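Quick notes on the structure that follows.
The values are calculated or read from the model by the stated rules, or taken from the named source; none is laboratory data. The shown structure was predicted, so the numbers you read here are calculated from the model rather than taken from an experiment. Cβ: placed from backbone, ideal geometry, glycine included. Neighbour counts: every protein chain shown. Calculation scope for accessible area: heavy atoms of the full protein, side chains included, ligands and nucleic acids excluded. Shrake-Rupley method; radii C 1.70, N 1.55, O 1.52, S 1.80 Å.
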Amino acid sequence: MAIYNEEHNIFRTAFKKFIEKELAPHIDEWEQKREIPRSVWRKFGEYGYLCPWLPEKYGGSETGFEYSMIIIEELTRAGINGAVVGIGVHSDIVAPYLNSYGNEEQKTNWLPGCGTGEIITAIAMTEPNTGSDLQSIKTTAKKEGDYYIINGQKTFISNGISADLVIVACKTTTNEDTPYKGISLIVVEDGTPGFNKGRKLNKLGLHSQDTAELFFEDCKVSVKNLLGHEGMGFSYMMKKLQQERLVSAAISQYLAERMLSGAIEYSKSRKVFGKPVSRQQHNSFKIAEMATEIELGRVFLESLIADHLIGMDIVTRVSMAKWWVAEMANRVAYNSLQLYGGYGYTEEYPIARDYRDVRAHTIFAGSTEVMKLIIARKLGL
Ligand SMILES: Cc1cc2nc3c(=O)[nH]c(=O)nc-3n(C[C@H](O)[C@H](O)[C@H](O)COP(=O)(O)OP(=O)(O)OC[C@H]3O[C@@H](n4cnc5c(N)ncnc54)[C@H](O)[C@@H]3O)c2cc1C
């Protein structure tokens, strides 16, 4: 199945030039600063690389999801692993909620800024005591007149520090029997009294992407900031998680491809016991195994992208891809790093960073175990 045509190739070539000029020279600096500067978000916006799907009436170019995939693929290929998560969360995960569930006033207020990079977004579901079990969140939003009063805490929120606008999953009603029915999504803008950003978390990897704790203490938000309908938040999140998991599977796949190609190049040039590392039979078999798994991942991923593009329900298969590709990429990380010997354990080669960065993909956007729960449920087990 061919997803990409000549127009896509032209876009890809232009985006690669953008990476070379505007991003690649600064990656190490952003890794150290633990974020990408706001000016870079604006640059992305200026060139039309944020939310490429955004409708023209909100200033976007209204392209298909495959353009987002090209952006994600090329950023990953260039080793911009932290920023690809930050940008991907904004463009392909959070802003689409505003587009799908926002009313006209909300869309007019927020979407143009999402496209230009004036508005950076985040979504806050996870709490210190609840990650996988989303129904059990404790953050509440009590209605008082024309306002919701939000109390609670969120953690591990991607773009949490940079965000101008956070979609917060809150309980607007509590019902022990059907807790998910009480969940609503409320948009909280930076600067709202009672909304405080906490620590920028010190993570194992993905250093050029900020991940934060967020606090809500009697945070007063207009009822106009409710996204969609009260009590529908859980259902909205379940619908949008299909694309979120596809994005995560894609990043894992592209990372695996990048890690293996680096390991092949290195192991062909380094000699041990009189011949290249790659030609020791054990290693050539390892490389052959990795190449096979990567090929399987690529075929699976592309079939999912194609089906997602025509609006099919791919929840079961995307859950399979999310866990399998992420676990495969982690195997590839382990075995590729091994081929570098001691050099793999230093920052001299990108494999050290890729090894750290790929680890998050079996955890966020629904962990491997949660994906298996979904698949098992879909199989009627
Ligand atoms: C870098 C990063 C970025 C993130 N970004 C965001 C974000 O932007 N927004 C957001 O809301 N969250 C975000 N998260 C949070 C992420 O979604 C959660 O960490 C994840 O859902 C797991 O939740 P938890 O950490 O509370 O682990 P827990 O839910 O406590 O799970 C602990 C372990 O138990 C396993 N487990 C859970 N249930 C079962 C079961 N039934 N059977 C067997 N094992 C089980 C889990 O898979 C995991 O291995 C991010 C996390 C990271 C690391």
Positive-pole candidate from 277, 135, 370, dipole of the chain, charges at beta carbon: 277
Accessible surface, region 6-119, averaged per residue in Å² (probe 1.4 Å): 41 Å²
Selection from 109, 381, 151, by position along the positive dipole direction of the chain (Cβ): 381
Peptide ranges 300-306, 317-323 listed from the most packed, as the mean C-beta count within 10 angstrom indicates: 317-323, 300-306
Other-chain or far-sequence residues with amide H under 5 Å of residue 127's (modelled H): 155
Mean Cβ count within 10 Å, highest first, over the residues of peptides 116-125, 230-239: 116-125, 230-239
Nearest-ten-degree value, helix 6-18 long axis tilted from longest Cα axis of the chain: 90 degrees
Given 154/239; 239/322; 43/200; 57/107, the pairs whose alpha carbons are separated by over 18 Å: 154/239; 43/200
Helix-only CD estimate at 222 nm, as mean residue ellipticity for the chain, using -39500 (n - 2.57) per DSSP H run (n ≥ 4): -15500 deg cm²/dmol
Aspartates and glutamates whose Cα lies under 16 Å from that of residue 21, excluding same-chain neighbours fewer than 8 positions away: 29, 46, 74
Packing-based ranking, highest mean first, of 196-202, 150-156 given that Cβ atoms within 10 Å are counted: 150-156, 196-202
Size of electric dipole in the chain: Cβ of Lys, Arg +1 and of Asp, Glu -1, about Cα centre, debye, nearest 20: 1000 debye
Between helix 368-378 and the chain: long-axis angle, C-alpha atoms, 0 to 90°, nearest 10: 70 degrees
